[in-house]
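First comes the structure, then the notes that go with it.
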Amino acid sequence: MKEFYQIIQKPVVTEKATERSSIGQYVFWVDPKSNKKQIKEAVEEAFSVKVTSVNTNRLFGKIKRMGRHAGRRALRKKAYVTLKEGDSIKIFEGV
Amino acid sequence: MKVEVSEITPVRKKVAIEIPSEKVDEAINMTVDALLAEAEVEGFRKGHVPREVVVQRYGKKILDQVASTLIEESYPAAMQEQKLVPTSKPELDTTEVKEGEAFTYSAFVDVAPNISLKEYRGVKVEKKEITATDEEVKDSLRKLQEGAGQFVETTDAITENDMVTIDFECTIGGETIPGNSAKGYEFKVEGGARFPEFEDAVMGKKTGDSASFKKSFPEHYHDKAVSGKEVEFNLKIVSAKAKVDPELNDEFARDLGCENVADLKSQVKKQIYYGKERAEKDRQKSEAITKIIKENPFDIPESMVDKYYKQIASSVLEGVRRGVANPRDVNVSSDEFKTRYFDMAINQAKGDLILGAIAKKENVKVTEHELKQAVEGLAASRGESVENIQEMLDKEGVADVLREGIMKEKVFDIILG
């Protein structure tokens, strides 16, 4: 069993992701090998909230070449976690 | 804003200032607002970064800035409220800024002393007669002549103060050493030659004469070619020039811009008189100031003395650099130097403070008209246009110095009656 900190890597800090927090949805970079169920449990454990749904997408790494050699950047996975109404996660602590 | 002043010494105060929490929050908000438009964070377009992100990223910076803006705003206001005149930059002892909490800090600052003026009008100062004697006029005329003197080729025997040009050869046992021989070597017979033997050799000789002398160089002489050897110098005098001073006649007077000798004499006399008059006036002023300082004792903040001391020290060092002062007299690290100039600094600082206090009491003000006159005077004495001088004053911010000078002058008029 993976611990929550092995599944949730870090929050996605972009304009688009921050916008979503107003409708109770939070976006995280997660372990590409984890599934929705694991993500749900991890978020619930880490932030003491109730998760109603999880959407994920996998972002394949770009192919980069160095002369003759081609390589691929790492696969990443984003999870859109929707919380039960009223719950919230404080990603940005104030001063 | 709450301000509490406690006295450390009569001229040093501790000012404790408390800024209420609402003011602190307001300042924080303003700073964040300003940052919102500026901040660039990856993932966000410029100007679209959410407040929380900015606060998280720039938290420490924001608080530091808030602290300094709060101090900048409150400190002068506090000083004004307490009617304190700071003479030094405040040393600050601050606490951390926190949202929703009052901000307190203490400033330690030197203040101008309260001078209660007693007696300054009609201070008794010894007044000395000034005259320019004929002797002095003669002396400075002599100097003028010497200054205008020129070297003229002569065939007479060489005497002191002549300029001599020689070719010389340096030989050891009949062999010439090229590095130590020269053609057209010019020197002044007055300790100006490389070796004193040169001067002795040419003394009394004429152009075209030759001479020779032997010289033993010491073992440790820097030039390896001649060190520890006896060397023979053969020299030939190529030319000799004697200094001829112009005669004191009408022509000489005209060269200096006067009509005739009598005019030149009266001009010189006038100059000597003015110089002495100025020196006497300065002497009277400093005597008056010393007396007034004695009459009105007061404390003086250390920082002020320090400032004056630094000014004096740097001007003394500048004197050394320009070769006016003797470096041997100016051993900066010595205690003697310090005590000598420290007393001077204290006196200058006290003098300026007292003059300022008198100016305030007598309501001495410098008008624009007076300032303009001073600028015109300066322009005339420097031979530059008024506009140039004015521009220079504006650029370097020295108009205040000029203003201060005029004010002091007026105060002295009052003191000396």
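The values are calculated or read from the model by the stated rules, or taken from the named source; none is laboratory data. Not measured: the values here are computed from a predicted model. Note: ideal-geometry Cβ built from the backbone for every residue, glycine included; neighbour counts use all protein chains shown. Note: accessible area is taken over every heavy atom of the protein model, side chains too, but ligands, DNA and RNA are not part of it. Shrake-Rupley method; radii C 1.70, N 1.55, O 1.52, S 1.80 Å.
For the protein assembly as shown, the dipole from Cβ point charges (+1 on Lys and Arg, -1 on Asp and Glu) about the Cα centre works out to 3860 debye, to the nearest 20.
Annotation: amide H-H contacts under 5 Å for residue B:88 (H modelled 1.01 Å from N, sequence separation of 5 or more, or interchain): B:110.
On a per residue basis, segment B:276-416 carries 63 Å² of accessible surface, using protein heavy atoms and a 1.4 Å probe.
Full extension of the chain between residue B:1 and residue B:177 yields a length gain of 54.7 nm, computed as 0.36 nm times the residue separation minus the alpha carbon distance.
Where does the charge balance sit around residue B:252 when Lys and Arg score +1, Asp and Glu -1, over other residues with C-beta under 14 Å from its C-beta? Net charge around residue B:252: -4.
On average, how many beta carbons from a partner chain sit within 10 Å of the beta carbon of a residue in B:53-63? Don't jump to the answer; show the numbers that get you there.
On the way: counts 5, 1, 4, 6, 2, 1, 3, 1, 0, 1, 1.
Averaged over the peptide's residues, the number is 2.
Bridgeable aspartates and glutamates around residue B:350 (alpha carbons under 14 Å apart, same-chain partners fewer than 8 residues away excluded): B:287, B:295, B:299, B:302, B:306. Hydrodynamic estimate: the Kirkwood radius of segment A:4-84 over Cα pairs, inserted into Stokes-Einstein at 10 °C and 1.306 mPa s, corresponds to D of 117 µm²/s. A dipole drawn for segment B:207-308 from +1 and -1 charges on Cβ atoms has a positive end, and of B:213, B:300, B:239 the residue lying farthest that way is B:213.
Amide H to amide H distances under 5 Å link residue A:56 with A:80, where only residues 5 or more positions off or on other chains count and H is placed in the peptide plane. With a ≥ b ≥ c taken as the square roots of the eigenvalues of the C-alpha gyration tensor of chain B, please select rounded if a/c is under 1.5 and otherwise prolate if a/b is larger than b/c or oblate if it is not? Since a/c reaches 1.5 and a/b is larger than b/c, the shape of chain B is classed as prolate.
For the protein assembly as shown, which whole-number percentage of the solvent-accessible area (1.4 Å probe, protein heavy atoms only) is attributable to carbon and sulfur atoms? Working shown, then result.
Values: 15960 of 32850 Å².
Carbon and sulfur atoms account for 49 percent of the accessible area of the protein assembly as shown.
The angle separating the long axis of helix B:386-396 from the principal Cα axis of greatest extent in chain B is about 60 degrees.
Once the Cβ-Cβ distance of residue B:83 and residue B:295 is raised to the sixth power relative to R0 = 25 Å, the FRET efficiency obtained is 0.50.
With all protein chains in place and ligands, DNA and RNA left out, the 1.4 Å accessible area ranks B:407, B:344, B:30 as B:30, B:344, B:407, largest first.
Scanning chain A for GluC sites (Glu not before Pro) that sit in a DSSP loop and have at most 14 other Cβ atoms within 10 Å, the longest stretch containing none of them is A:4-84. Where only DSSP H runs of four or more residues are counted, chain B gives -16500 deg cm²/dmol as its mean residue ellipticity at 222 nm, each run worth -39500 (n - 2.57).
Within a straight-line Cα-Cα reach of under 29 Å, residue A:50 can be paired with the following lysines, leaving aside sequence neighbours fewer than 8 residues apart in one chain: A:2, A:10, A:16, A:33, A:36, A:37, A:40, A:77, A:78, A:84, A:90.
The calculated FRET efficiency for residue B:243 paired with residue B:403, based on their beta-carbon distance and R0 = 41 Å, is about 0.30. Computed on protein heavy atoms with a 1.4 Å probe, the accessible areas place B:342, A:28 in the order B:342, A:28, largest first.
Computed log10 I(q)/I(0) for the protein assembly as shown at 0.09 Å⁻¹: -0.95, from the Debye equation with unit scatterers placed on every C-alpha and solvent omitted. Of the candidates B:266, B:227, B:314, which one comes out as most mobile in a Gaussian network treatment of chain B with C-alpha springs shorter than 10 Å? For chain B, modelled as a Gaussian network with Cα springs under 10 Å, the answer is B:227.
Exactly which GluC sites (Glu not before Pro) in segment B:3-63 are in a DSSP loop and have at most 16 other Cβ atoms within 10 Å? Mind dumping the intermediate values first?
Working: sites: B:4, B:7, B:18, B:22, B:26, B:38, B:40, B:42, B:52; in loops: B:40, B:42.
Those that pass, being in a loop and sparsely packed, are B:40, B:42.
Which of B:270/B:360; B:307/B:372; B:138/B:243 have a Cα-Cα distance over 26 Å? From the list (B:270/B:360; B:307/B:372; B:138/B:243), the Cα-Cα distance tops 26 Å for B:270/B:360; B:307/B:372.
So how many Å³ per residue does the convex hull of the Cα atoms of segment B:150-244 work out to? Could you put the intermediate results ahead of the total?
Working: hull volume 8.3 nm³, N = 95.
Normalising the Cα hull of segment B:150-244 by residue number yields 88 Å³.
Provide the FRET efficiency to the nearest 0.05 for the residue B:261-residue B:131 pair, computing r from the beta carbons and using R0 = 22 Å. Between residue B:261 and residue B:131 the formula returns 0.55. The residues of segment A:1-46 occluded by other protein chains by 40 Å² or more of accessible area, set against the chain on its own, are A:13, A:15; surface from heavy atoms, 1.4 Å probe. Among the trypsin sites (Lys or Arg not before Pro) in segment B:1-99, those located in a DSSP loop and surrounded by at most 16 other Cβ atoms within 10 Å of their own Cβ are B:45, B:46, B:83, B:98.
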